Amino acid sequence: MFRIGVLVSGGGTNLQAILDAVEDGSLPVDIAVVISNRPDAFALERARRRGVPTVVVPLADYPGRKSHEAAVARELERAGAELVVLAGYDRIARHAVLAAYSGRIINIHPALLPAFAGTLHAQEGALAYGVKISGCTVHFVTEEVDCGPIIVQRAVEVREDDTVDSLKARILAEEHRALPDAIRLIATGRTRIEGRRVAILPEG
Ligand code: GRF
């Protein structure tokens, strides 16, 4: 089975969507490891409840970003991960993880890229800018933050009475579909990176 490693930092609702899709048989992957840079991330608890191996790699244990990322890359390789999924991971993977997994790391961003790239506050940005449609994007990770080839996007409307929280919630519901969809496409060999475009190949 295709093995994935998931990097998390927070509540882990995207990880939960992956766990649920694996459980119901709609996502044919083995979650080899869930790695968090934060020991208190609730995402770790979600993984443990399903018997998925977890590893905590705290930033404070390392002298700098590069050595921390090297430790994360070692854990991914030790677990035999073939694809790395950043699911609410609050670090940028651009050193050792990117070197080891170039073209095999994906991230989910809560906006329709290239709009509102490079910010942890994309939903606030969308509301402040006044866009009428926003959404989420799953993309391959490259050196430049939020700029890699796009695999899946899902749109949501921005409503007149939206607050940051209500827009976040509506986008999050779409993230929970988009991320398992993107992983499924990759795990079943249906993606091919062509320059900055991802070709989606037919089923079978
Ligand atoms: C999501 O909105 C994701 O797009 C962003 O961080 C949030 C993580 O949510 N990068 P969760 O931890 O998966 O619940």
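Taking θ as phi - 60° and the Karplus parameters 6.51, -1.76 and 1.60, the scalar couplings of segment 57-64 work out to 10, x, 4, 5, 7, 10, x, x Hz in sequence order, x denoting glycine and proline. For T142, the residues whose amide H sits under 5 Å from its own are C147, G148, ignoring neighbours fewer than 5 places away on the same chain, with H placed 1.01 Å from N.
Note on the chain: with charges restricted to the Cβ of Lys and Arg (+1) and Asp and Glu (-1), its dipole about the Cα centre is near 480 debye. Using R0 = 30 Å, the C-beta based FRET efficiency linking T13 and K66 works out to 0.50.
By DSSP, what percent of the beta bridges with both residues in segment 1-149 are antiparallel, rounded to the nearest 5? Antiparallel bridges: around 20 percent, rounded to the nearest 5.
Counting only heavy atoms of the protein chains and using a 1.4 Å probe, F42 has close to 90 Å² of accessible surface. Each residue, C147 and R3, gets one label point 7 Å from its Cα in the Cβ direction; the gap between the two is 3.3 nm. Rolling a 1.4 Å probe over the protein heavy atoms gives the chain an accessible area of 48 Å² per residue. Each residue, D161 and S26, gets one label point 7 Å from its Cα in the Cβ direction; the gap between the two is 2.9 nm. At the residue level, E174 shows approximately 30 square angstrom of accessible surface with a 1.4 angstrom probe and all protein chains present. Quick note on the chain: its Rg to Rh ratio, both from C-alpha atoms and Rh being the Kirkwood radius, is 0.95. Can you send over the carbon and sulfur percentage of the accessible area for the chain, probe radius 1.4 Å, protein chains only? Accessible surface attributable to carbon and sulfur in the chain totals 51 percent. Backbone phi angles across segment 101-116, fed through the Karplus curve with coefficients 6.51, -1.76 and 1.60 (θ = phi - 60°), yield HN-Hα couplings of 10, 4, x, 9, 10, 10, 9, 10, 10, x, 7, 8, 4, x, 6, 6 Hz in residue order; Gly and Pro are listed as x. Can you tell which of R177, R38, R74 shows the greatest fluctuation in a Gaussian network model of the chain with Cα springs below 10 Å? Maximum fluctuation in the GNM of the chain, among the listed residues, is at R74.
The values are calculated or read from the model by the stated rules, or taken from the named source; none is laboratory data. Predicted, not measured: the structure shown is a model, and the values here were computed from it. FYI the Cβ positions are ideal-geometry reconstructions off the backbone, even for glycines, and counts take in every protein chain you see. Side chains are part of the model used for accessible areas, which takes the heavy atoms of the whole protein and leaves out ligands, DNA and RNA. Shrake-Rupley method; radii C 1.70, N 1.55, O 1.52, S 1.80 Å.
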